Amino acid sequence: MRKIDAAEWLLSLTTTRERAASTAGDLLEGSSGRGTFWFWWSLGRTTTSNVWASFTGEPWKITGLAVRMALRSVLYFSLIFSGIVLAHVAIAIAAGDGSREHTEALVDSATSSASVEGVIAVLLSSIPLGTWLARKAAQQELAVLMVSWVLARAVWTLALIASPTLRFSFADLTMDLLLTIATTFCMFVGISRVRKRSSTIFTAAG
């Protein structure tokens, strides 16, 4: 993907497609004598400014959508994770090893905090979450996503303060960062699917 296409797509998460295309073009033109670093730095500043403008313009709407997105993420994760665990149990039973002890071991392994099943469920649930976000917060997706991220970290921080048994190590921080990047990418996939479908419908109607 060319950098202007990437810039236009990112900006379209914060403003109209027409304005995103115009801004991306201006940034590309301005970077001709200033270099690639200036282009990406300016893109980051512009995107941040647009996100802040979206939030301050409609703070209650953005926050409400962020809360709804968080609740939906729990719902989607629960459904997909339950399906993965049940599939494991069904495979074990079909293989002739469906004893109670083995089934309990499978469930315990899958529900551990760092299970592969849990990570897969988080990533898969992020795609329909992105689809929902694109439909409910068109041109404001990034603002809702950022507010949701801030709220989630605020809740987690309060939980750490309130509970003396909870600990957050450097490994946990690294895992959280990597998972945030991966889930964001998956949500972008969901957003792209909605946009491609909308473009197809618009082209067919035209």
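The values are calculated or read from the model by the stated rules, or taken from the named source; none is laboratory data. None of these values were measured; they are calculated from a predicted model. Here Cβ is always computed from backbone atoms with ideal geometry, including for glycine, and neighbour counts include all displayed protein chains.
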Take Val51 and tell me if it is under 21 Å from Phe185 (Cβ atoms) and in a helix (DSSP H, G or I).
yes
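Taking only the range 148-203 into account, find how many residues are among the charged types (D, E, K, R) and at pLDDT below 75. Steps first, answer last, please.
First, the residues of the range 148-203 that are among the charged types (D, E, K, R): 153, 167, 172, 176, 193, 195-197.
Then drop every residue that is not at pLDDT below 75, which leaves 167, 172.
Counting residues in the range 148-203 that are among the charged types (D, E, K, R) and at pLDDT below 75 gives 2.
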Please determine whether any residue of the range 139-161 is in contact (Cβ under 8 Å) with a residue 60 or more places away in the chain and in a loop (DSSP other than H, G, I, E, B).
yes
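I need the full set of residues from the range 24-48 which are surrounded by fewer than 15 Cβ atoms within 10 Å (Cβ to Cβ) and closer than 29 Å to Val122 by Cα, in order please.
Keep residues of the range 24-48 that are surrounded by fewer than 15 Cβ atoms within 10 Å (Cβ to Cβ), which gives 25-26, 29-30, 32-38, 41, 44-45, 48.
Result: Gly44, Thr48.
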Quick one: would you say Leu79 is under 24 Å from Trp132 (Cβ atoms), surrounded by fewer than 20 Cβ atoms within 10 Å (Cβ to Cβ), hydrophobic (A, V, I, L, M, F, W, C) and within 22 Å of the chain's Cα centre (by Cα)?
yes
Assuming Ser42 fulfils every condition listed in (1) assigned by TED's automatic domain parsing to the domain that holds Thr183; (2) in contact (Cβ under 8 Å) with a residue 12 or more places away in the chain apart from one, which condition is it?
(1)
